[in-house]
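*Asks:* Got a structure for you, questions after.
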Amino acid sequence: MNIKLKAWQPDAKCMVDLSSGAIMNHPFQLIIGFDVNAKLSISIKENFEDGTYKYHDCIPIICTGLTDIHGVDIYEGDIYTTEPAQGRPYLVYFKNGCWYGGKNTESGMPLAVQNHGFNDGDASWLEVIGNIYQNPELLNDK
């Protein structure tokens, strides 16, 4: 199994593709660990040409291993709809060992029981339309 990660850097308000090995064309080192609550923690050490560096604390974003109707990877924090152009937006999140989709992290259902379900690895019935970090307004009531 190949684990895909990306990270939200809140200070710069940018998504970091951890597979690229560079932030804004600067090489970086990835520091992965766990915090005191056993939650995944990611920091990035950005290395500059003059030998200086800067640490950035990031929010780790884990891929579900599934893709949407367009073949786009689905990540924790993504916002999706089941009816393009007019459907209600839902948030993808991980809780109690299961991927969920709902209006927020308290009101969701396991994705495995929604519509066609994820239990067979098929998420082609949904479309990713954004994420909670870059497009939080998508979850506002329509």
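*Asks:* How much length is gained if the chain between Asp35 and Ser124 is pulled fully straight, taking 0.36 nm per residue apart and subtracting their Cα-Cα distance, in nm to one decimal?
*Replies:* Difference between extended and current length: 28.6 nm.
*Asks:* Label points 7 Å out from Cα along the Cβ direction at Cys98 and Asp17: separation in nm?
*Replies:* So the two model labels end up 3.4 nm from each other.
No value in this document is a laboratory result; all are computed from the given coordinates. Note that the structure is predicted; figures quoted are calculated from it, not measured. All Cβ positions, glycine included, derive from the backbone under ideal geometry; neighbour counts span all protein chains shown.
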